[in-house]
Protein chains: 2
Amino acid sequence: MSDDPKPGLSRRALLGATAGGAAAAGAFGGGRLALTGGLFGLGGSLATTGAAQAATAEGFEVAPGQLDTHYGFWSSGQTGEMRILGIPSMRELMRVPVFNRCSATGWGETNESLRIHQRTMTEKTKKHLAANGKKIHDNGDLHHVHMSFTDGKYDGQYLFMNDKANTRVARVRADVMKCDAILEIPNAKAIHGLRPQKFPKTTYVFCNGEDEAPLVNDGSTMNDVSTYVNIFTAVDADKWLPAWQVMVSGNLDNCDADYEGKWAFSTSYNSEMGMTLADMTAAEMDHVVVFNIAAIEAAVAAGEGQELNGVRILDGRKDANSNFTRYIPIANNPHGCNMAPDKKHLCIGGKLSPTVTVLDVTKFDALFEKPAAEVDLRSPVVAEPELGLGPLHTAFDGRGNAYTSLFLDSQVVKWNIEDAIKAYAGEKIDPIKDKLDVQYQPGHLKTVMGETLEAESKWLVCLCKFSKDRFLNVGPLKPENDQLFDISGDKMVVVHDGPNFAEPHDAIAVAAAKMTNIRSAWDRQDPMWAETRKQAEADGVNLDEWADKVVRDGNKVRVYMTSQAPSFSLESFTVKEGDEVTVIITNLDDIDDLTHGFTMGNHGVAMEIGPQATSSITFVAANAGVYWYYCQWFCHALHMEMRGRMFVEPKA
Amino acid sequence: MSDDPKPGLSRRALLGATAGGAAAAGAFGGGRLALTGGLFGLGGSLATTGAAQAATAEGFEVAPGQLDTHYGFWSSGQTGEMRILGIPSMRELMRVPVFNRCSATGWGETNESLRIHQRTMTEKTKKHLAANGKKIHDNGDLHHVHMSFTDGKYDGQYLFMNDKANTRVARVRADVMKCDAILEIPNAKAIHGLRPQKFPKTTYVFCNGEDEAPLVNDGSTMNDVSTYVNIFTAVDADKWLPAWQVMVSGNLDNCDADYEGKWAFSTSYNSEMGMTLADMTAAEMDHVVVFNIAAIEAAVAAGEGQELNGVRILDGRKDANSNFTRYIPIANNPHGCNMAPDKKHLCIGGKLSPTVTVLDVTKFDALFEKPAAEVDLRSPVVAEPELGLGPLHTAFDGRGNAYTSLFLDSQVVKWNIEDAIKAYAGEKIDPIKDKLDVQYQPGHLKTVMGETLEAESKWLVCLCKFSKDRFLNVGPLKPENDQLFDISGDKMVVVHDGPNFAEPHDAIAVAAAKMTNIRSAWDRQDPMWAETRKQAEADGVNLDEWADKVVRDGNKVRVYMTSQAPSFSLESFTVKEGDEVTVIITNLDDIDDLTHGFTMGNHGVAMEIGPQATSSITFVAANAGVYWYYCQWFCHALHMEMRGRMFVEPKA
């Protein structure tokens, strides 16, 4: 990739060279006022495709029949699903629907998935959905996915993720790789950053409310910005319900937790509480909010604060002078929030500042020993290296090195934490070890196991926000570009470009050995269909055996059948025009990979039924006539013949 | 991959060796009666992962910065989208939503996409959707995707595809890679096989109705199977409306067309018109239906047949003795239907027969010279090689070789068409040149450009229906496995395993040089938002310029705004509780890859707005309060600050 300034349109010519931190800072300072004018935007076209990065590293290609060494769990942004990729092959191994409507699996349409969606729906959402003729929100904006921890290490139990669009968080079971719980978080708005507690285990999942609004958002004070608050939520990881909430000042962005179970921390980019772009970027300093978990728990136990919509809310705003929070000043609009596996250093990406601020979390206790006004809130700062333009996120290799994505420079910078600390203390040492161009404008980046005590030092994945001309042109909408780096040597090497559909914000990489719980068939007693089982029992149907029963209950008809390749147990069934029909299918096949499906022709419903699973789906049969249902999941040489008829009798 | 029979569980031990055609036929014959008992099913577990196929071929890996040589257009089965992959890298470059609801792009929710969905909706579908509280079917079963032709070659204009689930076909514009037309085909049921006319250009797209039902499916004759018919439809490729339909005997499976524009042909797997699995596989012979396009066009022009739901339907059933169709007897349940680029040979996969039947299409004229009863319907058969168990589909390399997928054997067999013809004529020659194990149970397979007069001989993609233990275990639901073969040498070599989400049925591969129409920004006059433009004109808004206008029209509110990174032109707007709000956004950015998005927080709506595009979305604002909208498509360093407020005033 060329670094040459291009006349007129070049991003680098415009912003200035960034190899020297001072020059970068200068360019940044000079550009600040022009921010809304597009100076820090995408710039013009870059002619980079021709000059390929030579892939000198070996071992990236996973040959046919060989397995990846790591699972990658990817968010998908506005696509609303979780993705599983193999690392290092970067192949997509599975899509797990969460906040989206999935045509293939019936997610968002099966009764089992609707129950998960509707479990904690607020009254406001119910009212909105009713007015819009919907059962659920069928979109989401899933930015962050993280695994449950035990003792600072991934435990292979759950994956947690956020929906910024509709203020929800969800949990995926790592044994079957299906979402088992969605929580609409009350009181908060736009859940963005999300992280699990790391130690001693994931009791809480911390969830950042990004948008500010009146706590009681009924329109009565909406024109008075002083009534707006931001909400930080701790979700009970087992119950998947809110444990407690804290009101804070500023828009919460990303978050993380320490390795001792004492703190959570969130970057905050609009301490101004500005409502316009100019106001949101007005102040020179924003902050990181530190949450004191023990103090919060004690206050919640004591019944302090207020209860609203079933959740206890404490006031941790700046002016409240509580001991729940401390606000550490950080240069303008900090973004990334990454705890190093050395258990000590928290790295905050400057975004609009060229620096990463390194905080020593062992110094946080001191911040709470006196009132906030009496302590030096910047005292935990142990380093603040200038790394380049637009530092967003930082990853770690377990060898003391940090890797920070530079959004504006379209680079990843490798730097050494201890060297940065020495430099901050006045020593003449350059903490920057390497810089590498990426293609381009990177957001999150992750090392394998890098957010745990078992950080590895072989692979880094850098999620670039744009791919432009990096792949064959596929029209106005382009894929993102997830680039794989080999970081085992002194110099970083890009070994693979991975196009990805909108918009993988974040990812984690987990060693295959950690995933000891994964099943290939469902347990017949799985709670996923507990409600369905209860109804079956009431209907006198044994869900675990070959069944073919049609139960009428007023204008509701429940059709129980079984699938076993290449047949459904029912070759036909009869209902009446206008009946509400529920089809309940148990897949008795237990062979690895033998998923069946059920599609009712011309009725807009289809579902997946995994090996040994039960699934059900409900629809109104509005038109008289004969309709074929069929198995849409290839199962057998006679798969196409796996079908049957629904007779819909005309109304008398 | 091991070929050794394993005691007890081995698929090969069960079915017998297949290297010799005679042995295969024997095994097959003996197994027939046990078909429904699972004999030809998935068998037990196979221990194949350990023994990797060595990837000896070079040139498959596409290094960072290098471009693929070919576009792959993939179907996705029950996922309902079209996928674009790069070949040979096998990377997914884009998802194009078609029959599915897409959270990222707003497909199925934007007004522009709803209009496309609703354009040809039948009254029955409208009634069904109303009864089920839906606007559209938001699932689909997209099996086949094919490109438009001019003179037997891909012309880079359109891609066409089917929805088996809800009897629809769709068209994707190859300039912007978005679906621009969906057609619900009346009278037919379950559109499966789909192919464009190849010569002189794609005037028609041929669509197989798979399921049989009464022509007037109102319940009055649904118990009388003799009233069931199957429907073959020719769709006008320009208007995307039905041109004509032909009633046929038997369930239509796959189809193709010749290189002279004279014929279409469909395999048919249930000539018995059986309603149960046993009945559907009862007869020794099924058939291929040949459609005589000139005869059909003449009859349609003459007003023959009947008109139903706006489409003229001719009777081409077996007993009707028309000159519209001929039924060529083919052994039990034929499946694949592939026209060779030699312009002469049509290859029919036997599925339940170990043979591929080769038909010389230049002999079809003779079939229509006399009544069907007076001609030898098998006279076009010029070869019928025994290739192995479960032959499904055939691909071609332009060098006279054919490649057939063997579902039950989990192999691809390479054979020579001319040698097969010689063998059929009695010469002692083995047409089989190579066999290669795949992983496993392959369906469609495709060579690059292999369905055109420009067939190439480098790559073959084989879409395996199962991956089992081929990748890291991701739970009960596994990906499929799209395997890439290097076929440039005498022996086929598997060079890449490509996991793929449910369920890539079929694919085509198109040389990058053919895709000359692809744009990177929209044309402001694009018809996609013509209706929206009309409304804007009525509202006095110039859609092509910076706009920020709120128009009230009773309880309908239209909010016009513009996006330019990092801002919307409206920082806030106000509506009343219960208003139906339509947000119309024009993206004035024209930089490559600069897509914006619009998400209304807690309202379940989001949409993509490509560079220079206009998109709109409508929802009822049911709850008073303040709600933030934001850009969910990463666009700028200040992307997170690209947001604004909707004030919903309480009802008076």
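Read-outs: derived from the displayed coordinates by stated rules, not from any lab. All figures in this text were calculated on a predicted structure; none of them were measured in a lab. Cβ: placed from backbone, ideal geometry, glycine included. Neighbour counts: every protein chain shown.
Numbers at a glance
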quantity	calculated
Pairs of Lys in the range A:497-652 closer than 30 Å at Cα, counting only those 8 or more apart or on different chains	8
7 Å along Cα→Cβ, label-point gaps from A:K239 to other copies, nm, shortest first	6.3
Label spacing, shortest first and in nm, from A:G310 to its equivalents in the remaining copies (7 angstrom along Cα→Cβ)	4.8
Teacher prompt: B:R552 distances to equivalent labels in other copies, 7 Å Cα→Cβ, nm	5.3
For the protein assembly as shown: rounded, prolate or oblate by the Cα gyration tensor [a/c cutoff 1.5]	prolate
Overall form of the range A:384-452 per C-alpha gyration tensor (a/c, 1.5; a/b vs b/c)	oblate
Estimated dipole of the protein assembly as shown in Debye, rounded to 20 [Cβ of Lys and Arg +1, of Asp and Glu -1, Cα centre]	940
Shielding by partners - mean other protein chain Cβ count within 10 Å, residues of A:616-629	6
Total lysine pairs whose alpha carbons fall under 24 Å of each other in the range B:359-473 (8 or more apart, or interchain)	19
Anchor A:K344: aspartates and glutamates whose Cα lies under 16 Å away (excluding residues fewer than 8 positions away in-chain)	A:D151, A:D256, A:D258, A:E260, A:D360, A:D365, A:E384, A:D397, A:E418, A:D419, A:E451, A:E454
Total charge dipole magnitude, the range A:356-472, about the Cα centre, Cβ charges on Lys, Arg, Asp, Glu only, Debye to nearest 20	440
Total lysine pairs whose alpha carbons fall under 21 Å of each other in the range B:62-181 (8 or more apart, or interchain)	12
Chain A: relative contact order in percent, alpha carbon pairs under 8 Å with at least 6 residues between	10
Global geometry of the range A:475-523, whether rounded, prolate or oblate, following the gyration tensor of its Cα atoms and the 1.5 cut on a/c	oblate
Aspartates and glutamates with Cα under 19 Å of A:K239, excluding same-chain neighbours fewer than 8 positions away	A:E112, A:D155, A:D163, A:D175, A:D180, A:E184, A:E297, A:E307, A:D526, A:E531
Relative packing of peptides A:438-444, A:399-405 - highest average C-beta neighbours within 10 Å first	A:438-444, A:399-405
Separation between Cα centres of the range A:143-162 and the range B:328-402, rounded to whole Å	55
For the range A:189-197, Karplus couplings with θ = phi - 60° (6.51, -1.76, 1.60), whole Hz, Gly/Pro x	9, 6, 5, 10, x, 8, 8, x, 4
